[in-house]
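Scroll down for the structure; my scribbles are underneath it.
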Amino acid sequence: MVKKGRQIVVPGEVVATGNEFLPGDGAYRDGQDVVAGRYGILDIQEKQVRVVPISGAYYPRRGNTIIGTIVDITFNGWLIDFGGAQNAFLPVAEVPRYINRNELREFLDFGETVVVKVWDVKARGIDVSMKMRGFGKIEGGMIIPVNSNKVPRIIGKEGSMIKLIQGATGCEITVGQNGKVWISGKDGDSEIATKKIIEFIAENIVISGLTEKVEKMIKEMGFKTSGIEIIAENTDEGSEE
Amino acid sequence: MGEGIYTKREDGRAFTDVRSMKANVGIVPSADGSASFETGKTKAIAVVRGPRTLHPQHMQNAQTGILRVSYGMMPFSVEDRIRPGPNRRSEEISKVTEWALSSVVDLSGFPNTVVDVFVQIPQADAGTRVAGINAAALALAHAGIPMKEMVSAIGVGKIDKTLVVDLDKFEDSVFHDGEGSTDIPVVVTSRTKEIALLQLDGKISVDEFKQTIEMAKKACDDVLKVQIDALKNMSEVKDE
């Protein structure tokens, strides 16, 4: 027996029965049964049974882009607070330029904000890296908090929603999967307009045909949406990794 | 049974009936998880924050995250004002709620962290600790905390010589005639149907006690239905 995928399951719910099923993330085995070990959406691939979270605090996963603040400097790196259970560690070796180990503060000081990539997730904390394009220190612009569970919708399918907003307002948008969005534009007005659009998306996450509504909103604000290539229409399931 | 002086309930319920229940998930947007649970006039709100780093550091456990529950009744929750702040009773309920929930949550993946559960009672009409536990279980699930299963709680007891389910304020603390009233809060896990919490305040015979436990297990199934319904129909996630 196996339940249909893509439905909401609650902890303790038997989602599959039989030895052939393998409990993945968020599921566990008890005798013949595979049981949901957390609240979320059931995801069945082949014989692998997972429960994907739909609410709650942000849990970092390898490959995620996160935005955080420097809270501590050790002898060989920086500690970054990104709103998770533990702080992230950015070693000196993961920075794409030469750093004098005695002068770590010269490159990143307390309270400064960075965009980094999650490199390794361990129970004790996560390691992050800056060694790729698009990562580094944040200067200028604004950071707005959103619910981390809504991030896939803000990004849109293969980044369609972000591209739409960026194309219209001309602002650079970086979305941290930990629920931080960095907006950087040439003037304050376009940044504020972008902020309003993103907040609108976050508030209306369940509306169907969200893309059209966002387009309409952009037009009402006096921006142009034509000429922007949109990959996916209304179904903004989000880029799940 | 049925011989005593308590032959009919004040609100017209059958002796095995629970009060009408209502559950809501996601009531506090800024929290990681939140829920409310109502039984009759009793209302409970639970908010979950975490897992987050635990301070002071000496309380941290390097092997697992810990659960910390804080229960409190709001000053206006009963007719005569309750002095706000911790007291003997609220500390006890915080602890027993923590123990009941600890049997199902698994925080081994989050060492050195804490998951805070705040339970508040805006309106009390007996059975606040079970309403609080029901709300807390919902809020923990909503917060995405790994849980082996859910828990459901109900108060059962004996009034004079009659066994009853889900005592209200009158039955719990006003009724003193005959043999008086006995109050037994029970927490039952959702899948394995094990008892996660059992307290007893009053007098009851062994046979009657066994009967009340069976009644509680049955009532907990009703509670569980309301809880599952609330989780599966949460507006925040329900779409299309």
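Values quoted throughout were computed directly from the atomic coordinates according to the rules given, and no laboratory measurement underlies them. Small disclaimer: the values here were computed from a predicted structure and weren't measured. Don't worry about glycine lacking a Cβ; one is built from the backbone with ideal geometry, like all the others, and counts go over all protein chains shown.
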For segment B:72-86, just list the computed ³J(HN,Hα) in residue order, Karplus coefficients 6.51, -1.76 and 1.60, θ = phi - 60°, integers in Hz, with x standing in for Gly and Pro.
x, 9, 6, x, 9, 6, 10, 4, 8, 3, 9, 5, x, x, x
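Report D for segment A:8-52 in µm² per second (integer): Stokes-Einstein, Kirkwood Rh on Cα pairs, 20 °C, 1.002 mPa s.
The estimated diffusion coefficient comes to 220 µm²/s.
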Unit charges at the beta carbon, dipole of segment A:65-137: most positive-side option, A:Ala123, A:Ile80, A:Asn102:
A:Ala123
Computed [θ] at 222 nm, helices only, for chain A once each DSSP H run of length n ≥ 4 contributes -39500 (n - 2.57)
-5500 deg cm²/dmol
Which three extents, in angstrom, do the Cα atoms of segment A:142-220 have along their principal axes, listed largest first?
31, 29, 21
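Can you work out D for chain B in µm² s⁻¹ from Stokes-Einstein, where Rh is the Kirkwood radius over C-alpha pairs, the temperature is 20 °C and the viscosity is 1.002 mPa s?
117 µm²/s
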Between B:Asp207 and A:Asp30, what is the spin-label point distance in nm, taking each point 7 Å from the Cα along the Cα→C-beta axis?
3.4 nm
Under the rule of at least 5 residues apart or a separate chain, name every residue whose amide H is placed under 5 Å from the amide H of A:Val34.
A:Val15, A:Ala16, A:Thr17, A:Gly18
Residue by residue through A:84-92, how many Cβ atoms from other chains fall within 10 Å of the Cβ on average?
3
Mean other chain Cβ within 10 Å across B:138-145 is 6
Reachable lysines from A:Lys131, criterion Cα separation under 22 angstrom, eight or more residues apart if same chain
A:Lys117, A:Lys122, A:Lys180
List the residues whose amide H sits under 5 Å from the amide H of B:Met74, counting only those 5 or more places along or on another chain, with H placed 1.01 Å from N in the peptide plane.
B:Ile121
Rounding to the nearest 20 debye, state how big the charge dipole of the protein assembly as shown is about its Cα centre with +1 on each Lys and Arg Cβ and -1 on each Asp and Glu Cβ.
640 debye
For B:Lys218, go through the aspartates and glutamates and keep the ones whose alpha-carbon is under 14 Å away, minus same-chain ones fewer than eight residues off.
B:Asp17, B:Asp166, B:Glu194
Run the paramagnetic zone check for A:Asp120: 7 angstrom along Cα to Cβ, then residues of segment A:52-92 with backbone nitrogen under 12 Å.
A:89-91
On average, how much area does the Cα convex hull of chain A cover when viewed from any direction, in nm²?
14.9 nm²
Among all the aspartates and glutamates, which ones have a C-alpha under 20 Å from A:Lys195's C-alpha, if same-chain residues fewer than 8 places away are not counted?
A:Glu139, A:Glu172, A:Asp187, A:Glu203, A:Glu212, A:Glu215, A:Glu220, A:Asp236
Dipole magnitude (debye, nearest 20) for chain A, charges at Cβ of Lys, Arg, Asp, Glu:
200 debye
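Given +1 on the Cβ of Lys and Arg, -1 on the Cβ of Asp and Glu, and no further charges, what dipole in debye does segment A:65-137 carry about its Cα centre, rounded to the nearest 20?
Details: 9 positive and 9 negative charges, 55 e Å.
Taking the Cα centre of segment A:65-137 as origin, the dipole is about 260 debye.
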Distances over 45 Å make up what percent of all Cα-Cα pairs in the protein assembly as shown?
22 percent
What helices does chain B hold that run 27 Å or longer along their axis, going by alpha-carbon atoms, with a Kyte-Doolittle average of -1.0 or more, using DSSP H for the helix calls?
B:206-232
Set Lys and Arg Cβ to +1 and Asp and Glu Cβ to -1, take the dipole of segment A:11-62 about its Cα centre, and tell me which of A:Gly31, A:Ala16, A:Tyr59 lies farthest positive.
A:Tyr59
Using 0.36 nm per residue, how much length does the chain from B:Glu79 to B:Lys217 gain when fully extended, once their Cα-Cα distance is taken away?
46.5 nm
Relative frequency of Cα-Cα separations exceeding 26 Å in segment B:107-240, percent
31 percent
Flagged links, alpha-carbon separation over 21 Å, of B:Lys43/B:Lys169; B:Lys169/B:Lys193; B:Lys95/B:Lys232; B:Lys158/B:Lys217; B:Lys22/B:Lys232
B:Lys169/B:Lys193; B:Lys95/B:Lys232
